[in-house]
């Protein structure tokens, strides 16, 4: 399995988010406390995404390192950048020599424990990114090729029944960066996110995650699906057979597979939950029964 962490709040050092606390994400790579049957070490690579503000003309806005989330200004947008390495996180000097020089109001990081049979390569390391989105998957999907193809078909059928256009042609699954369950799930989720519209088939990023989880569990009830999604202002997550904790204050929000310090305000998230977090707000809702399918 894997471990991951998301942060939104005042500007922080990207590198320090990987090493912060007595039980940092880097420490969890070799000493995880709550893997829940998914291995004992996370040594198959890591990655981290951070957000910068880009003006409409494509130039970088200095607010990228000084503004709070939501303060990008008119005509600007958030864009996720990333760094990935297929080697163990503790072997990469960039964690302490380069990444600490970067600052951002949002960070999403992951350390990887590859499922047996899947490649150990840079392209397989989360976060997976597109424009302002960054995504990580802590878990596994048995017989994932068949399951993801079936889930894609179900989602297309549900979309057309709702009156929307088809979401995904099966051939698009070949666009995955790496032949892994996580990378292919990202292709599906990315397409769902492009369909987000008020009163539409996908009315929010949270709905996109819910639809994907439900579709996968229909065909793989034992799948482990802790998803983590960020857009630079908000974090969304799901918990299905893996641990997740939240630390939310008036100024910042963190979602993490395991607490990275001894702060008593960490909150354990129940299994089968859909989570949304941003400074000053934490929402936890139960995921629907997967037997209900993908119709909405």
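Each reported figure results from applying straightforward, stated rules to the coordinates on display, with no laboratory input. Note that the structure is predicted; figures quoted are calculated from it, not measured. Ideal geometry is used to build each Cβ from the backbone, glycine not excepted, and the neighbour counts take in all protein chains shown.
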*Using a Gaussian network for the chain with springs between C-alpha atoms less than 10 Å apart, which of these wobbles most: 98, 147, 48?*
98
*What shape does segment 203-283 have by the C-alpha gyration tensor, where a ≥ b ≥ c are the square roots of the eigenvalues, rounded means a/c under 1.5, and otherwise prolate means a/b greater than b/c and oblate the rest?*
oblate
*With springs connecting C-alpha atoms under 10 Å apart, model the chain as a Gaussian network and identify which of 187, 116, 12 has the largest mean-square fluctuation.*
116
*Tell me, 257, 130 in order of fewest to most beta-carbon neighbours within 10 Å?*
130, 257
*Assuming R0 = 51 Å, what is the FRET efficiency of residue 143 and residue 82, from their Cβ-Cβ distance, to the nearest 0.05?*
0.95
*Could you work out which residue, out of 282, 18, 229, moves most in a Gaussian network model of the chain, that is, has the largest mean-square fluctuation with Cα springs under 10 Å?*
282
*So what is the 222 nm mean residue ellipticity for the chain from helices alone, if each DSSP H run of at least 4 adds -39500 (n - 2.57) and you divide by all residues, rounding to the nearest 500 deg cm²/dmol?*
-6500 deg cm²/dmol
*asked:* For 81, 245, 104, which order do you get if you count the other beta carbons within 10 Å of each Cβ and list the fewest first?
replied: 81, 245, 104
*What's the FRET efficiency of residue 22 with residue 91 using the Cβ-Cβ distance as r and R₀ = 22 Å, to the nearest 0.05?*
0.55
*Length released on extending from residue 175 to residue 34, taking residue separation times 0.36 nm less the Cα-Cα span*: 47.5 nm
